[in-house]
Structure formats: C-alpha cells, structure tokens
Amino acid sequence: MCEAILIFVLSVLPVPLENVDCPPINYVPPEEMPVPGASGVYDLGTGEITIDASLPHDRKEITLAHELVHWLVDQTGQNPACRAEEAIAYYVGLVYTTTELDDDSPYNKLLTGRIDLGNPLDVVQYVALMADKSCSATGN
C-alpha cells in the first residue's frame, strides 16, 4: 500500500527526490500511539510512521498519505513552519480522498459533505483550519 500512496504523493508535490523507498511503517492499537488520539505520527528521530491500526482502511490510506508528506519534507532537509507543512499534508490527504478513494467511501462522503471541493476558498479554509488545529495542539 505504501508504494502506491508514495507515488501519488510525489505526483502531487514538487519534491526534488528520486528513487525513494517507503519509510518503516508501524500499525499499532490506539492505546500504543505515540501521541494519544492521533491517527498517525511521523517520528523525526527514527524516521518511522506509526498509524492507528483500528482505523478503517480508507482512513489508514489517507493518514499514510498525510504522514508521508511529513516524511518527504524531512527527506528534503527543509524546515517549513508547522502550519505550512500541516496545510500541505492536509491538502494531499484531501486530494487523495477525492481522487483515489471510491465515492462510496465513508470518509469521502463525510469530507465532501463538509466542504465544496469545487470552491477553492472552501479547500483553503479547510486545510488552514486543520493545520491550525494540529499545530495549536502541539504548541507550534
């Protein structure tokens, strides 16, 4: 699953990387997540991605796409501000949801019921809100 999602993420982002392989990915029960309540976490120190194993399959895919953005940013050696990096990660997850998941996917239905994907302002407001929530929760 990682390779296909990584190819997708690289097609969306202008990241100057070639011949990259997926990082180590761990699927763990919710109580073992490094950040309580998180769906996924990228660990800068180990380079590993951890994903909540109890998530439905479509949420695991979206979460992996989101965490791969953090991993790719780390691979480039760049250090963007928290909100900028999170906004990009949420945008990629949004694009993955609406282009790669079946329209009947529960998460796709939930997401498209909340925002108008044809309205750029809705998309910008969504990713900004989600980035703000993520960075505020971590104190960044």
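Odds and ends about this structure:
- Summed residue charge, Cβ within 13 Å of Thr138's Cβ, Lys/Arg positive, Asp/Glu negative: -1
- Charge sum, other residues only, whose C-beta stays under 15 Å from Leu55's C-beta, Lys/Arg counted +1 and Asp/Glu -1: -4
- For the chain, calculated [θ]222 nm from helices alone, where every DSSP H run of n ≥ 4 adds -39500 (n - 2.57): -18000 deg cm²/dmol
- Total formal charge among the other residues, if their Cβ is under 11 angstrom from that of Ser105, Lys/Arg +1 and Asp/Glu -1: -4
- Counting only Cβ charges, +1 for Lys and Arg and -1 for Asp and Glu, the dipole size of the chain around its Cα centre is about 380 debye.
- Exposure proxy for Ile51, Ile115: other Cβ atoms within 10 Å of each Cβ, ordered fewest to most, give Ile115, Ile51.
- Just so you know, the Rg over Rh for the chain is 0.93, from Cα atoms, with Rh as the Kirkwood radius.
- Inter-label distance, Ile115 to Ala137: 1.6 nm, where each label sits 7 Å from its Cα along the C-beta direction.
- 19 Å reach of a label modelled at Asn79, 7 Å along Cα-to-Cβ, counting backbone N of the stretch 30-56: 42-48
Coordinate-derived values only; no laboratory data. Treat the numbers as computed from the prediction; the structure is a model and nothing was measured. Cβ: placed from backbone, ideal geometry, glycine included. Neighbour counts: every protein chain shown.
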